[in-house]
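Below is one structure, written out as structure tokens; comments come after it.
The values are calculated or read from the model by the stated rules, or taken from the named source; none is laboratory data. This one's a predicted model, so the numbers in the text were calculated from it and none came from an experiment. Cβ atoms come from the backbone with ideal geometry, glycine included; neighbour counts cover every protein chain shown. For the accessible areas, the whole protein counts, side chains as well, though only heavy atoms, and no ligand, DNA or RNA atoms are used. Shrake-Rupley method; radii C 1.70, N 1.55, O 1.52, S 1.80 Å.
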Amino acid sequence: MRREYGAGGECFVPDSDAAAVHRLFSLIARAYDPLNRILSFGLDAGWRRKLAESLHPMPSGEDGRILDIAAGTLGVSMVLAEHFPKHEIAALDFCLPMLRRGKRKASKLRRGKIRLLSGDARALPLRNACADAVTVAFGLRNIRPRERAYAEVLRVLRPGGRFRVLEFAGEEKPVLFGLYNRYLHHILPAAGGLCCGHRAAYRYLADTIRRYPAVEKVDEEMRSAGFAGVRHELLTAGIVGIHCGEKTA
Ligand SMILES: C[S@@+](CC[C@H](N)C(=O)[O-])C[C@H]1O[C@@H](n2cnc3c(N)ncnc32)[C@H](O)[C@@H]1O
């Protein structure tokens, strides 16, 4: 891993493992939000809201810090800022084009404030035990190995701090008579190609959902990593899941 310095301050340059993921999100950053809305039939906003709600009530009370990793265009960070206006919301991603898109949107926030961080979820640029909660939405399946991210999340969480993961439920299942799987493999890449000219990027995203483990296995991973109280809730006929875990007090 190396760092580069530019006019905008320190800027993270990913190592070769993550370079392909970084390149992909740089390519689709402009189209990411509108396509998300269309391809999820508008359901993504409700999923992000559920993720924020799953943190209530915060153990720190009125203030403290919530870290949103793989924050992208700040979809979750902005909902967190609305729910927890007195908390500092730190939004971290290694893809600056995604964060820049989000920064523009966040300037219209009515409540709360978001601090942007350029960095890798596998080597968080934060001191130990400084966060009351960590969230990650649709980012965990792009991070490899996930164990490094889990270890970093546990390091930066305060004892009793909360970890919340929103992710596609993974592994092919006959959800809605297989319609969803067909949608994922055919319609998603075609729509991605039509709207932003990056069919291959959307095929890759569909593949990452297919290869991602089932919710029970992700729960197991989180337990093995050292999280306590691990459980999950499925949403929208099992298309996505919210995993919850805590750092032992
Ligand atoms: C599908 S987007 C999700 C963005 C946002 N959380 C949302 O809910 O829309 C995945 C994001 O994860 C970021 N990402 C992937 N691997 C990462 C890593 N190792 N460290 C930091 N960010 C990463 C990508 O740059 C991208 O912005």
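Figures for the structure shown
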{"quantity": "Cβ pairs under 9 Å, 6+ apart, first in the range 104-122 and within 13 Å of residue 70 (Cβ to Cβ), second open to solvent by 40 Å² or more (accessible area, probe 1.4 Å) and part of a strand (DSSP E or B)", "calculated": "118/10"}
{"quantity": "Qualifying residue in the range 103-117 (condition: assigned to a helix (DSSP H, G or I), within 11 Å of the ligand (Cβ to nearest atom) and either at pLDDT below 95 or not small (Gly, Ala, Ser) (or both))", "calculated": "no"}
{"quantity": "Residue that is nearest to the ligand (Cβ to nearest atom), among those in the range 118-133 that are in a strand (DSSP E or B) and touching a Pro at 6+ places or on another chain (Cβ under 9 Å)", "calculated": "120"}
{"quantity": "Condition met for residue 71 (under 21 Å from residue 166 (Cα atoms) and part of a loop (DSSP other than H, G, I, E, B))", "calculated": "yes"}
{"quantity": "Positions within the range 57-68 being assigned to a loop (DSSP other than H, G, I, E, B) and within 9 Å of the ligand (Cβ to nearest atom), in sequence order", "calculated": "none"}
{"quantity": "Where a residue in the range 184-197 is at pLDDT below 80 and its partner, wherever it lies, is outside any helix (DSSP H, G or I) and surrounded by 13 or more Cβ atoms within 10 Å (Cβ to Cβ), with Cβ under 8 Å and at least six apart", "calculated": "192/198"}
{"quantity": "Index of the failed condition, residue 80 passing every other in (1) assigned to a loop (DSSP other than H, G, I, E, B); (2) under 17 Å from residue 102 (Cβ atoms)", "calculated": "(1)"}
{"quantity": "Of all residues making up the range 134-145, the number that are more than 9 Å from the ligand (Cβ to nearest atom) and surrounded by 21 or more Cβ atoms within 10 Å (Cβ to Cβ)", "calculated": "1"}
{"quantity": "Which numbered condition residue 68 misses (of (1) at pLDDT 95 or above; (2) open to solvent by 40 Å² or more (accessible area, probe 1.4 Å); (3) acidic (Asp, Glu))", "calculated": "(2)"}
{"quantity": "Test: residue in the range 80-99 that is aromatic (Phe, Trp, Tyr) and away from the ligand (no atom under 13 Å from the Cβ)", "calculated": "yes"}
